[in-house]
Amino acid sequence: MSTEEKDIESFREKLEAVSEWPSLYMFKFIVEAEQQDQVKEIFENHEVIVKPSSKGKYVSLTIKMLANSAEQIIEKYLETNKVKGIIAL
């Protein structure tokens with residue numbers, strides 16, 4: 001099992017330990033402003049709150065999603081991980 005697989009499994013276990021499904025989950029990301037549409041597309045049917053940085057080069061994105069399982073949350077993180085330069089908080 002790779003380090004990434006171990007990290008995902010550990011995260012899955014933590015989610016399962018603290019959540020009852022369905023559960024409202026809040027994602028937080030920082031990304032360059034021009035990349036924000038890629039993240040919004042991943043969460044197209046969910047509430048996305050955008051806050052620009054003081055100089056406008058970056059934005060923070062807060063997304064609320066009603067998840068039915070830990071796997072749904074993990075899938076979203078794996079999708080967003082493909083966005084160039086994204087930072088998950």
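The values are calculated or read from the model by the stated rules, or taken from the named source; none is laboratory data. Keep in mind that what you see is a predicted model, and the values were worked out from it rather than measured. Positions of Cβ are backbone-derived with ideal geometry, glycine not excepted, and every protein chain shown enters the neighbour counts. These accessible areas exclude ligands, DNA and RNA; they are computed on the full protein's heavy atoms, side chains included. Shrake-Rupley method; radii C 1.70, N 1.55, O 1.52, S 1.80 Å.
Some observations on this one:
- Over the chain: helical MRE at 222 nm, DSSP H runs n ≥ 4 each giving -39500 (n - 2.57), nearest 500: -11500 deg cm²/dmol
- The chain - accessible surface per residue (Å², probe 1.4 Å): 69 Å²
- Taking all protein chains together and rolling a 1.4 Å probe, Tyr77 ends up with roughly 50 Å² accessible.
- The chain: angle of helix 3-18 to the longest principal axis, Cα-based, in degrees nearest 10: 80 degrees
- Cleavage-rule hits, trypsin sites (Lys or Arg not before Pro), the range 12-71, DSSP coil, Cβ neighbours within 10 Å at most 15: Lys55, Lys57
- Whole-angstrom gap from the range 68-87 to the range 1-36, using each part's C-alpha centre: 7 Å
- Estimated FRET transfer efficiency (Glu20, Glu79; beta-carbon r; R0 25 Å; 0.05): 0.55
- Rounded tilt (10° steps) of 70-80 against the dominant C-alpha axis of the chain: 30 degrees
- For the chain, with all protein chains in place and a probe radius of 1.4 Å, 50% of the accessible heavy-atom surface sits on carbon or sulfur.
- Distant alpha-carbon pairs in the chain (separation over 23 angstrom), percent: 27 percent
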